[in-house]
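**Q** Before anything else, here's the structure in question.
The values are calculated or read from the model by the stated rules, or taken from the named source; none is laboratory data. Values in this document were obtained by computation on a predicted structure and should not be read as measured data. Cβ placement follows ideal geometry from the backbone for every residue including glycine, while neighbour counts extend to all protein chains displayed. Accessible surface is based on the protein model in full, side chains and every heavy atom, while ligands, DNA and RNA are left aside. Shrake-Rupley method; radii C 1.70, N 1.55, O 1.52, S 1.80 Å.
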Amino acid sequence: MIGIFDSGIGGLTVVKALMEHLYGYDIIYLGDTARSPYGTKSPETVKKYALENTEFLLSKGAKIVVIACNTASSVATEIVAENFDVPIFEVITPAVELSIKTSHKQCIGIIGTRATVKSCIYEKKIKEINPQARVYSKSCPLLVPLVEEGWLNKPETKMIVKKYLHSLKVRQIDTLILGCTHYPLLNDIIQKKIGKRVSIIDSSIAVASNVKTFLEKHWELDDMLGKKSRYTFFVSDVTEQFEKTATSMLKRNINLEHVKI
Ligand code: DGL
């Protein structure tokens with residue numbers, strides 16, 4: 001099965017994209033809700049959590065692991081890949097590659113948590129491919145709690161999104177990477193506020209398509225993955241709000257199983 005982890009339930013946006021791109025593949029998900037948010041924590045702490053989460057998924061039989069969390073992808077991919085002998089996917093590289101293909105002016109904006117923006121990982125990876133690209137980032141720390149509260153269409157949310165995007169809008173970016181698991185849920189508002197000419201890159205879709213391409217080339221590994229549409233969802237802390245949000249995100253009834261990491 002495919003193992004996926006995130007700091008919470010935001011990574012279900014990646015599960016949804018995987019369900020669409022890799023129809024029927026068994027998926028095991030871990031949302032580390034007890035220790036979330038990761039976006040405000042130090043790289044050392046996030047690395048430790050990422051190692052523990054990966055170990056848990058492998059102990060449950062995952063054969064590949066997708067780090068759905070942008071913050072963990074930013075700071076912990078290397079250490080996870082060094083410590084475990086299975087393919088590890090992260091959400092940064094696929095979004096970077098897609099943004100470079102999409103952007104006409106090579107003028108790219110990124111929004112993410114404070115930890116992701118501070119890591120400068122998106123800039124580094126974009127500049128590795130195109131040193132001439134202009135890259136602008138903005139951390140948007142209020143968006144995660146707004147999404148988790150289900151404030152997807154509130155006027156306050158629209159106002160905050162507008163304020164956050166202002167500095168990217170004046171730079172006249174033509175492509176915007178949603179560098180956080182939660183932001184695809186605000187896609188419509190973000191598109192309206194940044195302007196319809198700006199292409200939005202959803203890292204959940206980008207990583208799902210990368211995993212699909214990888215498995216098409218690695219059929220031995222693909223054969224080892226169950227394909228009976230079995231979906232298992234673990235969280236390190238269960239709350240009613242999470243169960244509600246998870247059910248509405250995936251549009252199916254979700255039972256969150258509790259696990260102590
Ligand atoms: N999953 C995190 C990310 O994509 C957002 C939530 C958090 O801060 O833990 O960066």
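**Q** Tell me the per residue accessible area of the stretch 1-71 using a 1.4 Å probe; a whole number in Å² is fine.
**A** Heavy-atom SASA per residue in the stretch 1-71 reads 29 Å².
**Q** With a sphere of radius 14 Å drawn around the Cβ of GLY11, what net charge do the other residues whose Cβ falls strictly inside it have (Lys, Arg +1; Asp, Glu -1)?
**A** So the environment of GLY11 carries a net charge of -3.
**Q** A further question follows. How large is the Kirkwood hydrodynamic radius of the chain, counting all unique pairs of alpha carbons, in Å?
**A** About 18.3 Å for the chain.
**Q** Sticking with this structure for a sec: Once phi is turned into θ = phi - 60°, what whole-Hz ³J(HN,Hα) does the Karplus curve with 6.51, -1.76 and 1.60 give for every residue of the stretch 46-54, x standing for Gly and Pro?
**A** Residue by residue, the stretch 46-54 yields 5, 4, 4, 4, 5, 5, 5, 5, 5 Hz.
**Q** Then there's this: Please compute the modelled spin-label separation between LEU51 and ASN130, points set 7 Å along Cα→Cβ, answer in nm with one decimal.
**A** Label at ASN130, label at LEU51, 3.7 nm between them.
**Q** In degrees from 0 to 90, rounded to the nearest 10, what is the angle of the helix 240-250 Cα long axis to the longest principal axis of the chain?
**A** 80 degrees
**Q** Which residue, LYS47, LYS60, LYS162, tops the fluctuation ranking in a GNM of the chain built on C-alpha contacts under 10 Å?
**A** LYS60
**Q** Between ILE67, ILE160, ILE189, where does the largest GNM mean-square fluctuation fall for the chain, given springs only between Cα atoms within less than 10 Å?
**A** Looking only at ILE67, ILE160, ILE189, the biggest GNM fluctuation is shown by ILE160.
**Q** When the Karplus curve 6.51 cos²θ - 1.76 cosθ + 1.60 is applied with θ = phi - 60°, which whole-Hz ³J(HN,Hα) does each residue of the stretch 92-104 get, with x for Gly and Pro?
**A** Running phi through 6.51 cos²θ - 1.76 cosθ + 1.60 with θ = phi - 60° gives 6, 4, x, 5, 4, 4, 5, 5, 5, 5, 7, 6, 6 Hz.
**Q** Now a separate question. Which of the three applies to the stretch 173-261, rounded, prolate or oblate, going by the alpha-carbon gyration tensor with a ≥ b ≥ c and a/c under 1.5 meaning rounded?
**A** Because a/c hits 1.5 or more and a/b fails to exceed b/c, the stretch 173-261 counts as oblate.
**Q** For SER229 and MET159 in the same chain, what is the full-extension length gain: residue separation times 0.36 nm, less their Cα-Cα distance, in nm?
**A** Taking SER229 through MET159 to full extension adds about 21.2 nm, to one decimal.
**Q** Any chance you could check the Cα centroid distance between the stretch 169-228 and the stretch 31-76 for me, in angstrom?
**A** 19 Å
**Q** Helix-derived [θ] at 222 nm for the chain: sum -39500 (n - 2.57) over DSSP H runs of at least 4, divide by residue count, nearest 500?
**A** -15000 deg cm²/dmol
**Q** On to the next question. Between LYS101, LYS169, LYS63, where does the largest GNM mean-square fluctuation fall for the chain, given springs only between Cα atoms within less than 10 Å?
**A** The residue that fluctuates most here is LYS101.
**Q** With contacts defined as alpha carbon pairs under 8 Å and 6 or more residues apart, what's the relative contact order of the stretch 43-131 in percent?
**A** Relative contact order of the stretch 43-131: 29 percent.
**Q** Name the shape class, rounded, prolate or oblate, that the alpha-carbon gyration tensor gives for the stretch 34-138, where a ≥ b ≥ c are the square roots of its eigenvalues, rounded holds for a/c under 1.5, and otherwise prolate holds if a/b is larger than b/c and oblate otherwise.
**A** Prolate is the answer for the stretch 34-138, as a/c is 1.5 or above and a/b outweighs b/c.
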